[in-house]
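Asks: Following this message is one structure expressed as structure tokens.
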Amino acid sequence: MSLRHRLLLGALLPFAAIAAEPPAQPVEHPELHALASAPSEAELRATITALVGFGTRHTLSDTHSDTRGIGAARRWVKARFERISRDCGGCLEVVTPSQSFTGERAPRPVEVTDVVAIKRGSSDPERVIVITGHLDSRVSDVMDTTHDAPGANDDASGVAALIEAARLLSKQDNRATLVFAALSGEEQGLYGGKVLADYAVAQGWRVEADLNNDIVGNSRGQNGVRDNTVVRVFSEGTKSNETLKQAAFRRYHGGEVDSPSRNLARYMDRLADAYLPDFGVRMVYRTDRYGRGGDQVPFLQAGFPAVRVTEAHEDYTRQHQDLRPGYGDTIDGIDFRYLARVTALDAITMASLSRAPAPPAGVDIEGALATDTTLRWHKVPGAAGYRVHWRDTTAPRWQHARAVGDVDHAVLKDVVIDDWFFGVSSVSADGYESPVVFPGDAGSFERSPAGS
């Protein structure tokens, strides 16, 4: 071979190698498998024991005592976050946003304070992944501030899960920011959720997910059914604050079951299948349990994606009950093995979301009067490639996917737009994938309402 031919071949080889490089695909990650077994039942028990030990954590209870009431409980959580931060070289910033509220369950002004630990992202710090649980507790009379209200499951279990997630994730890499928040005021009117949602707006956070853990520690239902293999994830169908114009478009073109919150639930379901073989997600297509609410609601009202994580079978004799034989939310009702599995799901979800690129923005679709469907989107930082997804319009989960490379559009030949629902996800170079984004305002992960 002549020198000229060797030089020409050498010049072409890099192009050929690039052209032949396969598009980015999601892969399984050993570090997520490790997280699946990392939560400590002993740590979870220690947290719930400490919180129950404050007697009552009613939002209107004592704030000055060091041993009893909501004030003592908040200071304990703050100190726990600070100890975790010391162990990771000061990686957590602990803040205590607050607001004053009055209302039906707060007849006099009450200062509602959240305790929040923030672990800044290494490369995309404005993207924020949040986990919440509420610190306050109650008995049968929601205005009873004095009698013991242990609140072991509702919701010391959720607070224990988020503190344990903070401990596990504090020494690991996260490209997006992680937020661990123990909220107050839930039982009096979802006030703590509003405090944090307002704080997120004021700080300019691009909240990609709020995982609200509320009542996650019991595996035995009131009817005697025991099931420690599944957790419910509730997600709203249409955005709480979509405009009339957006609603009219959605009603005609679809999107009722593809809000970002709904696709966040599907994301958690898929992660459970991949990393928790003994534990699964039951997706519930509802914002919360029938006629009830939680701190994810203020996040949804603020335009952020959010879901509620709740045990599969509730025991109402242990919720909102005065302590008496057979009733009361005491620590003996906690299944710590079950709580550890819920915590593992939380930790895996937060780690995966924080290491993946942002969900694609500006996803749009066209294909009317055509036999092919075209998807377009805006590229996002950190993405090495994208995948397009489609499913039957009656299917609960995404059924088909195709990696399309580092591009901003794709054409699905002979896939008719009329017959399927579609979406797009982004994938990092190391194989972390974002949630799927449904086209248009109905599915956008950007804070809503996003405009017409």
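Asks: Got a sec to turn the phi values of segment 64-75 into Karplus ³J(HN,Hα) couplings, 6.51 cos²θ - 1.76 cosθ + 1.60 with θ = phi - 60°, whole Hz, x for Gly and Pro?
Replies: Computed from phi, the couplings for segment 64-75 are 9, 5, 8, 10, 9, x, 5, x, 4, 5, 5, 5 Hz.
Asks: Separate question: In Å², and per residue, what accessible area does the chain have when probed at 1.4 Å with the other protein chains present? Don't skip to the answer; put the middle values down first.
Replies: On the way: 18620 Å² over 452 residues.
Here the per-residue accessible area is 41 Å².
Asks: On the protein heavy atoms, probe 1.4 angstrom, tell me the percent of accessible surface of segment 72-155 carried by carbon and sulfur.
Replies: Percent of accessible area from carbon and sulfur atoms in segment 72-155: 44.
Asks: What net charge is computed for the residues neighbouring Arg105, neighbours being all others with C-beta under 12 Å from the C-beta of Arg105, Lys and Arg scored +1, Asp and Glu -1? Walk me through the intermediate numbers first.
Replies: Details: positive: Arg108, Arg138; negative: Glu104, Asp136, Asp141, Asp144, Glu186, Glu187.
Here the count lands on -4.
Asks: Then there's this: So which GluC sites (Glu not before Pro) in segment 203-304 pass both tests, a DSSP loop state and at most 16 other Cβ atoms within 10 Å of the Cβ?
Replies: Working: sites: Glu208, Glu236, Glu242, Glu256; in loops: Glu236, Glu242, Glu256.
Of the GluC sites (Glu not before Pro), the ones in loops of segment 203-304 whose Cβ has at most 16 other Cβ atoms within 10 Å are Glu256.
Asks: Percent relative contact order of segment 333-389, based on C-alpha pairs within less than 8 angstrom and at least six residues apart? Write down the numbers at each step before the final one.
Replies: Values: 39 pairs, mean separation 16.2, N = 57.
It rounds to 28 percent for segment 333-389.
Asks: Can you tell me the Rg and Dmax of the chain, counting just the alpha carbons, in angstroms?
Replies: My reading of the Cα-based Rg and Dmax gives 23.4, 94 Å.
Asks: Which value does Rg/Rh take for segment 319-452 over its C-alpha atoms, Rh per Kirkwood?
Replies: Values: Rg = 20.5 Å, Rh = 17.4 Å.
Rounded to two decimals, Rg/Rh equals 1.18.
Asks: Still on this structure, I have one more. Please identify the trypsin sites (Lys or Arg not before Pro) of segment 205-314 that satisfy two criteria: DSSP loop assignment and at most 16 other Cβ atoms within 10 Å. Which are they? Mind showing how you got there, number by number?
Replies: Numbers: sites: Arg206, Arg220, Arg226, Arg232, Lys239, Lys245, Arg250, Arg251, Arg262, Arg266, Arg270, Arg282, Arg286, Arg289, Arg292, Arg308; in loops: Lys239, Arg286, Arg289, Arg292.
Loop-located and lightly packed - Arg286, Arg289, Arg292.
Asks: Also: Below 8 Å between Cα atoms, with a sequence gap of 6+, how large is the relative contact order for segment 73-180 in percent?
Replies: Numbers: 160 pairs, mean separation 34.6, N = 108.
Taking the mean separation of contacting Cα pairs over the length of segment 73-180, I get 32 percent.
Asks: Quick one: with all protein chains in place, what share of the accessible area of segment 208-336 is carbon or sulfur, to the nearest percent (1.4 Å probe)?
Replies: Whole-percent figure for carbon plus sulfur exposure: 51.
Asks: Also: Over the chain, what is the percentage of antiparallel beta bridges among all DSSP beta bridges, to the nearest 5? Kindly include the intermediate steps, with their values, before the conclusion.
Replies: Numbers: 43 of 67 bridges.
Approximately 65 percent, going by the DSSP bridge assignments.
Asks: Nearest 5 is fine: what % of DSSP beta bridges in segment 202-334 come out antiparallel, could you say? Kindly include the intermediate steps, with their values, before the conclusion.
Replies: Numbers: 7 of 16 bridges.
That works out to approximately 45 percent antiparallel.
Asks: Could you give the angle, 0 to 90 degrees to the nearest 10, between helix 244-253's Cα long axis and the longest principal axis of the Cα atoms of the chain?
Replies: Value to nearest ten degrees: 60.
Asks: For segment 224-278, what does the alpha-carbon gyration tensor say about shape, rounded, prolate or oblate, given a ≥ b ≥ c as the root eigenvalues, a/c under 1.5 as rounded, and a/b over b/c as prolate? Intermediate results must be reported in sequence, preceding the final value.
Replies: Details: a/c = 3.98, a/b = 2.44, b/c = 1.63.
The shape class here is prolate.
Asks: Another question, then. Which net charge results when you count Lys and Arg as +1 and Asp and Glu as -1 among the other residues whose beta-carbon is under 12 Å from that of Glu31?
Replies: On the way: positive: Lys171, Arg355; negative: Glu28, Asp173, Asp430.
Net of charged neighbours comes to -1.
Asks: Now for a different question. Net charge within 15 Å of His147 by Cβ-Cβ distance, Lys/Arg positive one each and Asp/Glu negative one each, not counting His147 itself? Mind showing how you got there, number by number?
Replies: Working: positive: Arg57, Arg68, Arg138, Arg324; negative: Asp62, Asp136, Asp141, Asp144, Asp148, Glu187, Asp322, Asp329.
Taking every other residue near His147 into account, the sum is -4.
Asks: Let me ask another. Relative contact order (percent) for segment 304-452, with alpha-carbon contacts under 8 angstrom and 6 or more residues of separation? Intermediate values should be presented prior to the final figure.
Replies: Numbers: 265 pairs, mean separation 35.4, N = 149.
Relative CO of segment 304-452 lands at 24 percent.
The values are calculated or read from the model by the stated rules, or taken from the named source; none is laboratory data. What you are looking at is a predicted structure, and each value in this text was computed from that prediction instead of being measured. Using ideal geometry, Cβ is built from the backbone for each residue, glycine included, and neighbour counts are taken over all protein chains shown. The protein model used for the area step is the full one, side chains on, heavy atoms only, and it has no ligands, DNA or RNA in it. Shrake-Rupley method; radii C 1.70, N 1.55, O 1.52, S 1.80 Å.
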